[in-house]
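**Student:** Attaching a single structure in structure tokens format; questions to follow.
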Amino acid sequence: MSDLVTLGETMALLSAPRIGRLRDMAHLDLGVAGAESNVAIGTVRLGYSASWIGRVGADELGALVLATLRKEQVDVAGGVVDDAAPTALMVKERRIGDLVRVSYYRDGYAGSHLCPADVDDRLVATARVLHVTGITPALSSSARAAVDHAITVARAAGVLVAFDVNYRSALWRPDDAAPVLRALAKRADIVFAGEDELELIDPARAGDGGGSTAGHGTAVAVDPARSRADVEAALRISGGARRTVVVKRGAAGATSFGPAGTVDEPAMPAVAVDPVGAGDAFVAGYLAALLDGEDERGRLVLGCRAGAFAVSVVGDYEGLPSRADLALYDRGAGTTFR
């Protein structure tokens, strides 16, 4: 039994150790990367148990993925070693400052072979949270079916379903992605989306949202930092406050729409070094606070704190904080521990 269960593709990661063109690097650092496993690692570091379901190749890179997750105390009993396909690869370069460029080598690789039979129904049904993203359904029809199956099992068992849109333009076109992502959002209890992803999952785009926010029960003031269109889309996605929609706004923080009304939380101050993985850190912090029993503001606060730690460190998961790390934000700037 795990507090959080997630499924998706975790890849080997080759990343440039310094700023500049990839072709000019004498060597690359080897690690792992994956949105779902990032959330699992972040949840474990914040004191909860997590399980990852996915496929890796029968190769050294697959062994690295599994060894890394085990080292981070993520349960990988649901991991499948695929003899027919290699482990996928992600290549990351920091071209200018904190501007990152990512390339994927994953089409037809092991992670795309994920299927419903790989999903441990008992593991999902006994979890407190099932976390899925919009990345996995983009990999293949069988991976999409695996996500659908996991959600069906979770909903039948009364397990909370969290869905992070995580749209990847390199994997599918917006017109292909939108109906799939909208359907997943409708089945989730909590939806995480960036401001640029709201249009993809807005019911009005499919013609069933009416373009109106009537019936949501709360008049929402529009912050100058966000557009009225974004607010109205988030309210439609919340389905009359039946589900919580959390809009990740990067350096502007986060805004939540749902049963608790509209809650804004500013970002924590941080020196951004690598933005990749910050959204996953936010989700891990939010879900850990949910498991703590925190209210909506408490969830946003922990999410923003976790995101600030993540952007301060190069790597997908390396900057994810522990509880002890989070307490450092209560210390004054420039504090030295002796």
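**Student:** Full-extension gain between D292 and D175, please, as 0.36 nm times their residue separation minus the C-alpha to C-alpha distance. Walk me through the numbers before you get to the answer.
**Tutor:** On the way: separation 117, 0.36 × 117 = 42.12 nm, distance 3.79 nm.
Difference between extended and current length: 38.3 nm.
**Student:** Give me the number: length gained by fully extending S142 to E60, i.e. 0.36 nm times residue separation minus the C-alpha to C-alpha distance, one decimal in nm. Could the numbers behind the result be given before it?
**Tutor:** Values: separation 82, 0.36 × 82 = 29.52 nm, distance 2.47 nm.
Full extension of this stretch gives 27.1 nm more.
**Student:** Further question: Identify which of the listed values of Cα Rg over 2.2 N^0.38 Å was calculated from the structure shown: (1) 1.00; (2) 1.20; (3) 0.95.
**Tutor:** (3)
**Student:** Just D230, D175, D120 to compare: in a GNM of the chain, with alpha carbon springs under 10 Å, which one fluctuates most?
**Tutor:** Judging by the Gaussian network model, the answer is D175.
**Student:** Another question, then. Take Y109, Y317 and order them by how many other Cβ atoms sit within 10 Å, fewest up front. Each step should come with its number before you reach the end.
**Tutor:** On the way: Y109 22, Y317 28.
Ascending number of Cβ neighbours within 10 Å: Y109, Y317.
**Student:** Which FRET efficiency value, to the nearest 0.05, is calculated for R23 and R155 with the Förster distance at 45 angstrom and r the Cβ-Cβ distance?
**Tutor:** Values: r = 48 Å, r/R0 = 1.07.
According to the calculation, E is roughly 0.40.
**Student:** Right, next: Who wins for biggest fluctuation among I96, I41, I190 in a Gaussian network model of the chain, springs between alpha carbons below 10 Å?
**Tutor:** Most flexible of the set in this elastic network: I96.
**Student:** A further question follows. Which of the peptides 250-257, 238-245, 276-283, 10-17 is most tightly packed, and how do the rest follow, judged by the mean count of other Cβ atoms within 10 Å per residue?
**Tutor:** Numbers: 250-257: 20.6, 238-245: 18.4, 276-283: 27.0, 10-17: 23.5.
Taking the mean over residues of other Cβ atoms within 10 Å, the ranking is 276-283, 10-17, 250-257, 238-245.
**Student:** Quickly estimate the mean residue ellipticity at 222 nm for the chain, helices only: each DSSP H run with n ≥ 4 gives -39500 (n - 2.57), and the total goes over all residues, rounded to 500.
**Tutor:** Numbers: 11 runs with 111 residues, N = 338.
Mean residue ellipticity, 222 nm, calculated: -9500 deg cm²/dmol.
**Student:** Continuing with this model, one more query. A229 to L328: FRET efficiency via 1/(1 + (r/R0)^6), r the Cβ-Cβ distance, R0 41 Å, to the nearest 0.05?
**Tutor:** Once rounded, the FRET efficiency stands at 0.65.
**Student:** State the answer as a single residue: which of V311, N166, V39 lies farthest towards the positive end of the charge dipole of the chain, with beta carbon charges of +1 for Lys and Arg and -1 for Asp and Glu, about the Cα centre.
**Tutor:** V311
**Student:** Right, next: Provide the FRET efficiency to the nearest 0.05 for the A251-R128 pair, computing r from the beta carbons and using R0 = 35 Å. Intermediate results must be reported in sequence, preceding the final value.
**Tutor:** On the way: r = 31 Å, r/R0 = 0.88.
Calculated transfer efficiency: 0.70.
Taken together, the values in this text are just the output of simple stated rules run on the coordinates, not laboratory data. As the structure is a computational prediction, the values presented were derived from the model and not from experiment. With ideal geometry, Cβ positions are generated from the backbone for all residues, glycine too; neighbour counts draw on all protein chains shown.
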